[in-house]
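Chemist: One structure is given below, represented as structure tokens, and several questions about it will come after.
The values are calculated or read from the model by the stated rules, or taken from the named source; none is laboratory data. Please read these numbers as outputs of a predicted model, since none were measured by experiment. Cβ placement follows ideal geometry from the backbone for every residue including glycine, while neighbour counts extend to all protein chains displayed. Each accessible area value is taken on the protein alone, full model and side chains, heavy atoms only, with ligands, DNA and RNA left out. Shrake-Rupley method; radii C 1.70, N 1.55, O 1.52, S 1.80 Å.
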Amino acid sequence: MTAPHVPVLLDEVIAGLAIVPGERHVDATFGAGGYTRAMLEAGARVIGFDRDPHAIRDGQAMAAASDGALILVESPFSALESELAARDAVPVDGVTMDIGVSSMQLDQPERGFSFQGDGPLDMRMSQAGESAADFLNTADEEAIADVLYRYGEEPRSRRVARAIVAARPLARTGELASVVRRSLGYKPHDKKDPATRTFQAIRIHLNRELDELVDGLAAAERVLAPGGRLAVVTFHSLEDRLVKRFFRERSGSEPAGSRHRPAALSPRPPSFEQPARAVRAGEDEIARNPRARSATLRVARRTAAAPWGQGEN
């Protein structure tokens, strides 16, 4: 039997959640169930969300063995509030988010998230809507370049987009990776494969990952009880900047006004306490799981103040 998947910063996430037995917690990105398993062992009742139908299907055995302590919901975490309200499960004592693609998805070539194994150009977390092949084979060069620059921080996005359009139609992850490498002059001994930035950008665009994160953070704020904890694990700077900004604004930690940028006249009461210091993986964990190298955990506790409006971050 294969060992259970262990998510990054597991001990640190569980410590930040400070679970009291009997509390109700949300695992907003269920994945392979690693955080949920630890929450259940700590005595929590858990509602697990995932928009990937494969994750929900594979989690049914854990739910069946939980004696009613685990409920699984096939939904993106942007719908957290409405899905919990429909189950009469608001408020909750904790929300945990592990942002981005899961190791489980990366390890399945047929899902098309990675170029480590050749597979169809798919990249859809929900298995519905526009695929990576659909986007790359129909979008114009400028649109592709904009996605690569905005979500992959690819400095030579126009060159890569031009090469993609010239190579169409593309159907396989290996084909796309080869096109990107040729366009950027990649050598096998180079430290980082430049195709990584392109794959990240397309995946984020197709799955609206940054929009989902913004909506999910606001939804978590609305469903958390006073004293509830929000723990968010991110894997790259685009995600982490959004989370850092959210906590900074919601905790009243914005820099004081100056003559160039006066302070707001009527600041909102903070909806979160000052967040804990960001946590990153130690060398032992990175040695066991190289993906942990880029992980950042931020945790903050909900105050009793009213939630801020959706557009106020």
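Chemist: Pull up all non-local amide H partners of Val95: gap of 5 or more, or a different chain, and H-to-H distance under 5 Å with H placed in the peptide plane.
Modeler: The answer is Val26, Arg229, Leu230, Ala231.
Chemist: Just for the chain, what percent of DSSP beta bridges are antiparallel, to the closest 5?
Modeler: Given both bridge residues lie in the chain, the antiparallel proportion sits at roughly 35 percent.
Chemist: For the chain, how big is Rg over Rh, using alpha carbon atoms and the Kirkwood form of Rh?
Modeler: Ratio value, two decimals: 0.99.
Chemist: Then there's this: Starting with the highest mean, order 161-174, 184-197 by the number of other Cβ atoms within 10 Å, averaged over the residues of each peptide.
Modeler: Result, highest mean first: 161-174, 184-197.
Chemist: Sort His25, His236 by heavy-atom solvent-accessible area, probe 1.4 angstrom, most to least.
Modeler: Ranked list, largest accessible area first: His236, His25.
Chemist: Further question: How much mean residue ellipticity at 222 nm does the chain get from its helices, if each DSSP H run of length 4 or more adds -39500 (n - 2.57) and you divide by all residues, to the nearest 500 deg cm²/dmol? Show your work: numbers first, answer last.
Modeler: Numbers: 14 runs with 127 residues, N = 313.
Estimated from H runs of four or more residues: -11500 deg cm²/dmol.
Chemist: For the chain, what does the relative contact order come out to in percent, with C-alpha contacts under 8 Å and a separation of six or more?
Modeler: 17
Chemist: Based on the mean of other beta carbon atoms within 10 Å per residue, what is the order of 272-282, 41-51, most packed first?
Modeler: 41-51, 272-282
Chemist: Using label points projected 7 Å from each Cα along Cα→Cβ, tell me how many nm separate Ala225 and Ala69, to one decimal.
Modeler: Simple spin-label model gives 1.7 nm for this pair.
Chemist: Here is a further query. Report the full-extension gain for the segment Ala61 to Ala42: residue separation times 0.36 nm, less the Cα-Cα distance, to one decimal in nm.
Modeler: 4.9 nm
Chemist: Still on this structure, please answer the following. Leaving ligands, DNA and RNA out of it, report the carbon-plus-sulfur percent of the accessible area of the chain at a 1.4 Å probe.
Modeler: After summing per-atom areas, the C and S share lands at 51 percent.
Chemist: Any idea which of Val232, Ala163, Ala220 is furthest toward the positive side of the dipole for region 108-243, if Lys and Arg beta-carbons carry +1 and Asp and Glu beta-carbons -1?
Modeler: Ala163
Chemist: Next question, about the same structure. Which residues' amide hydrogens lie under 5 Å from the amide hydrogen of Val46, considering only partners 5 or more residues apart or on another chain, with H built in the peptide plane?
Modeler: For Val46, whose amide H was placed from the backbone, the distant partners under 5 Å are His25, Leu70, Ile71.
Chemist: Let me ask another. Hey, rough spin-label estimate for Glu142 and Ile286, points 7 angstrom out along Cα→Cβ, what's it come to in nanometres?
Modeler: Computed distance between label sites Glu142 and Ile286 equals 4.2 nm.
Chemist: Using a 10 Å cut-off on Cβ atoms, rank the peptides 215-222, 301-308, 81-88, 92-99 from the highest mean neighbour count down. Intermediate values should be presented prior to the final figure.
Modeler: Details: 215-222: 22.4, 301-308: 17.0, 81-88: 14.0, 92-99: 25.4.
Per-residue mean Cβ counts within 10 Å order the peptides as 92-99, 215-222, 301-308, 81-88.
Chemist: Cα centroids of region 186-203 and region 71-99: how far apart, whole angstrom?
Modeler: What the calculation gives is 34 Å, centre to centre.
Chemist: Continuing with this model, one more query. With each label point set 7 Å from Cα along the Cα-Cβ vector, what nm distance links Arg162 and Lys191?
Modeler: That separation, rounded to one decimal, is 2.7 nm.
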